[in-house]
Amino acid sequence: MEFLDYILDFEDYFPSMIARLGAEGFIEELCNGFRLLMDVNRGVITFESLKMNCLLLGLEVRDDELLCMLMEGDLDGDGALSQMEFCILMFRLSPCLMDSPKMYTTTPTNTTTTTATIADPMLM
Ligand SMILES: [Ca+2]
């Protein structure tokens, strides 16, 4: 399986994961994913740790795909992904989440509107 396909497949689960786990549980899942890929000695995802751990996961990854992901997510330019950078990257890669930031938030119980409180992307 191609690495980017794997990531994209994973993203398909984001909305249902958030619905099921809540925002905090979802972040926890992202952190688990981060720990899966990080360099345990440095506590960040490096090119080497990404490549090695993807191989361990049985993923076929091209070097340029890994570099692309690292460059995309590396906000402070140190060449590695911190946990925060990884989470931000995952959110950015998921257009569904970015387009509908309020989709899965809970609504106050005192609302008097009769409109649907959970937006359905199919209707928009
Ligand atoms: Ca960084």
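Read-outs: derived from the displayed coordinates by stated rules, not from any lab. Note that the structure is a prediction, hence the values are computed from the model and not measured. Virtual Cβ from ideal backbone geometry, glycine too; neighbours counted across all protein chains shown.
So for the stretch 3-98, taking the charge dipole from beta-carbon charges (+1 Lys/Arg, -1 Asp/Glu), which of L75, G22, G33 sits furthest toward the positive end?
So the residue furthest toward the plus end is G22.
Checking the a/c ratio against 1.5 first, then a/b against b/c, what shape does the Cα gyration tensor give for the stretch 3-98?
On the way: a/c = 1.59, a/b = 1.43, b/c = 1.11.
Prolate, since a/c reaches 1.5 and a/b exceeds b/c.
Summing Lys, Arg as +1 and Asp, Glu as -1, what charge do residues with Cβ under 13 Å from the Cβ of S49 carry, S49 excluded?
On the way: positive: R35, R42, K51; negative: D39, E48.
Summing Lys and Arg as +1 and Asp and Glu as -1 gives +1.
Under unit Cβ charges (Lys, Arg +1; Asp, Glu -1), what dipole magnitude, rounded to 20 debye, does the stretch 3-98 have relative to its Cα centre? Show your work: numbers first, answer last.
Working: 6 positive and 18 negative charges, 49 e Å.
That gives a dipole near 240 debye.
Near G22, within a Cβ-to-Cβ distance under 12 Å, what is the net charge of the other residues, with Lys and Arg +1 and Asp and Glu -1? Walk me through the numbers before you get to the answer.
Details: positive: R20; negative: E24, E28, E29.
So the environment of G22 carries a net charge of -2.
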